[in-house]
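Peer 1: Structure incoming, see below.
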Amino acid sequence: MKIILPVAGKGTRLRPHTHTRAKSLVQVAGKTVLEHIIERLKVLAADELIFITDDNGEQIERFMQRCFPDLRCSYIVQHERLGPAHAVSLAAPRIEPGDDVLVVFNDTIFVTDLTRIPELVAGCDGLIYSKEVEDYQRFGVNVVQDGFIVDMVEKPDTPISRLAQVGLYYLKDAKGFMKYLEQTINAGETVKGEFYLPAVFMRMVGEGFCFRAPEIDAWLDCGKPETLLETNRFLLKERHLCRGELIDTVVLPPVHIAEGVTVRSCIIGPNVSVAPGTVIENCIVSDSIINADCQLRAMNLRDSILGQAVRLTGTPRRMNVGDHSLIEMEG
């Protein structure tokens, strides 16, 4: 199996945190988004991970070499922003006859049992993983009849389906899939100038291919600050961990306080993750993500995300602060 991970894109909805780093390297619940995803993919023992990157590709490569040195990885740069289907098509030179492929987009962290792929794909050509949602108008949805996808509708006005596509796709025949990607791109089937995967899949369905839409257990959006905090809360339920130095401090679980953190005279939690090198003194912090090497003093902070090396003194209640910021709030 080959796994394609399109990690290009500026992550504009997550700014200012993506001004200085790839969006998949944003922290949540003590790890980067990419680390959460890779750990879920390791059960597949894939032959190769193919990253489709942009000008932040060196960050991705350094991260993988440091955190997952045993995995075989390759890196391809998407120089033109022509959409997700175009990004996936760039992996074609790495695909060989007989390969199957899993495509994983990095705006979300998924919870599902990938070892069930052989069982789920029996009798069909691929899987387009889905999740039933209430706000179906925001997503591309799968329309299913008799267990197979018969249509895909982008942001439907009526509830023709609530099965939203979650950015996780499996194809038995990777080489054939690449052929249909090429056909769709050559035909110029774009939406607002970009190529999307539903057009590729519907071309395949029209030629007799069969796809199922298995539901994942959880779909954790990491694409904007408010949903990143929701994902942080969800993941911390199973990741309560305190390895830092706690002095005269009350901890309200769940939290993730990394080794190398110093917390003095504070109330921390619930739902707080703190990265190494951070010092927090005389603060009350809840429902927040604090990245590495920050300094917080005399703060009452909640529902907040702080980038790396932020220095913050005062009494605000909610902040969204990028890397290397200095904010002082004096009476």
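Every number in this text was worked out from the coordinates using simple rules, so none of it is lab data. These numbers were taken from a predicted model, which means no experiment stands behind them. Heads up, the Cβs are rebuilt from the backbone with ideal geometry, glycines too, and the neighbour counts pull from every protein chain shown.
Peer 1: Take the alpha-carbon centre of the range 211-262, take the same for the range 99-135, and report the distance between them in whole Å.
Peer 2: 23 Å
Peer 1: Let me check I've understood the local charge: for residue 36, count other residues with C-beta under 15 angstrom from its C-beta, Lys and Arg +1, Asp and Glu -1. What total comes out?
Peer 2: 0
Peer 1: Then there is this: Output the 0 to 90 degree angle, nearest 10, between the alpha-carbon long axis of helix 174-186 and the longest principal axis computed from the alpha carbons of the chain.
Peer 2: Helix 174-186 sits at roughly 90 degrees to that axis.
Peer 1: Compute a Gaussian network model of the chain, connecting alpha carbons closer than 10 Å, and tell me which residue from 187, 85, 213 fluctuates the most.
Peer 2: With Cα springs under 10 Å in the chain, the top fluctuation among 187, 85, 213 is at 187.
Peer 1: Only Cα pairs within less than 10 Å get springs; with that Gaussian network setup on the chain, which residue of 222, 67, 124 has the largest fluctuation?
Peer 2: 67
Peer 1: Can you tally the net charge around residue 105? Count Lys and Arg as +1, Asp and Glu as -1, for every other residue whose Cβ sits under 12 Å from the Cβ of residue 105.
Peer 2: Neighbourhood net charge equals -1.
Peer 1: Answer with a single label: of (1) 0.98; (2) 0.94; (3) 1.01, which was calculated as Rg/Rh (Cα atoms, Kirkwood Rh) from the structure in view?
Peer 2: Label of the calculated value: (3).
Peer 1: While we're on this one: Choose one answer from 158, 315, 115: the residue with the largest mean-square fluctuation in a GNM of the chain with alpha-carbon springs under 10 Å.
Peer 2: Looking only at 158, 315, 115, the largest GNM fluctuation is found for 158.
Peer 1: Using a/c under 1.5 as the rounded threshold, could you call the range 240-328 rounded, prolate or oblate? The axes a ≥ b ≥ c are square roots of the C-alpha gyration tensor eigenvalues, and prolate needs a/b larger than b/c, oblate otherwise.
Peer 2: The shape class here is rounded.
Peer 1: Hey, what's the Cα Rg ratio for the range 149-278 versus the globular rule of thumb, 2.2 N^0.38 Å? Write down the numbers at each step before the final one.
Peer 2: Values: Rg = 22.5 Å, N = 130, 2.2 N^0.38 = 14.0 Å.
For the range 149-278, the normalised Cα radius of gyration is 1.61.
Peer 1: Which of the residue pairs 42/192; 2/23; 131/175 have a Cα-Cα distance greater than 31 Å in the structure shown?
Peer 2: 42/192
Peer 1: Taking K and R as +1 and D and E as -1, what net charge do the other residues with C-beta under 15 Å from the C-beta of residue 188 add up to?
Peer 2: -2
Peer 1: Place a label point 7 angstrom from the Cα of residue 82 along the Cα-to-Cβ direction, then list the residues of the range 167-188 whose backbone nitrogen is under 16 Å away.
Peer 2: Once the point is set 7 Å along Cα→Cβ of residue 82, 178-188 turn out to lie under 16 Å by backbone N, inside the range 167-188.
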